[in-house]
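Heads up, the thing below is written out as structure tokens.
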Amino acid sequence: MIDFGTRPPRRQVTIGLDLGHANDHSALAIIEQDQHHRVLRQVSRLPLRTPFGEIVNRLGRIARSPDLAGRTTIVADATGLGAPVIEMIRTAKIPASIVPVIITGGVNANQSNGTWHVPKKDLITALYLMFEQGGISIPNGLPGYRDLEEELLHFGTARSDIHDDLLMALSLAAWHTRPRTKVGPRDDGRLV
């Protein structure tokens, strides 16, 4: 399922979930982290029209695996159809912390009624800063990495054949695991 090397993880695991359905894929990115470093352990795009119930079941299988018991946080896209999926995750009693994120075009990140409202630029910036500062590594040969690399290289360009679902799943996880003293909403809501 997820390769944590020869030992079970002793660190927190964060699952970024970007939701799509008919025209956009849903995607998962799983980061294992300690205080200073993160390792991307899985990045995967689900087939178009994957039922949300199947996605919730997959999250449950991951979070209930013996290696991850008590160490999992799910950071899920709560934009649009995401809110009902968040409720499905909660109803399934998945043993994980759940962090709903509504992706906005706004200026400041803020939290209201347990849901974060985060500008897309903040999500992407947190990931790119993590890459730039060496705060995340990607094992050689990680399945799905080539697709992620393509999305990273072409993000914001006019190429309509490139999706951003893997990038957004990873950005959600990276934003949540970012070093709070360097990147992220300050008390005034600004990113840096």
Expressed as a whole number of Å, what is the distance separating the alpha-carbon centroids of segment 140-179 and segment 104-129? 17 Å
At 37 °C and a viscosity of 0.692 mPa s, what translational diffusion coefficient does Stokes-Einstein give for segment 50-181, taking Rh as the Kirkwood radius over Cα pairs? Give it in µm²/s as a whole number. 205 µm²/s
Could you give each residue of segment 89-103 its phi-based ³J(HN,Hα) in whole Hz, using Karplus coefficients 6.51, -1.76, 1.60 with θ = phi - 60°, and x for Gly or Pro? 5, 5, 4, 6, 6, 5, x, 8, 6, 10, 10, x, 10, 8, 7
Using a Förster radius of 41 Å, what is the FRET efficiency between Arg49 and His154 based on their Cβ-Cβ separation? Nearest 0.05, please. 0.95
Kindly provide the helix-only [θ] at 222 nm of the chain, computed as the sum of -39,500 (n - 2.57) over DSSP H runs of four or more divided by all residues, to the nearest 500 deg cm²/dmol? -9500 deg cm²/dmol
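Each reported figure results from applying straightforward, stated rules to the coordinates on display, with no laboratory input. As the structure is a prediction and not an experimental result, all values here were calculated from the model. Backbone-built Cβ (ideal geometry, glycine too); neighbour counts: all protein chains shown.
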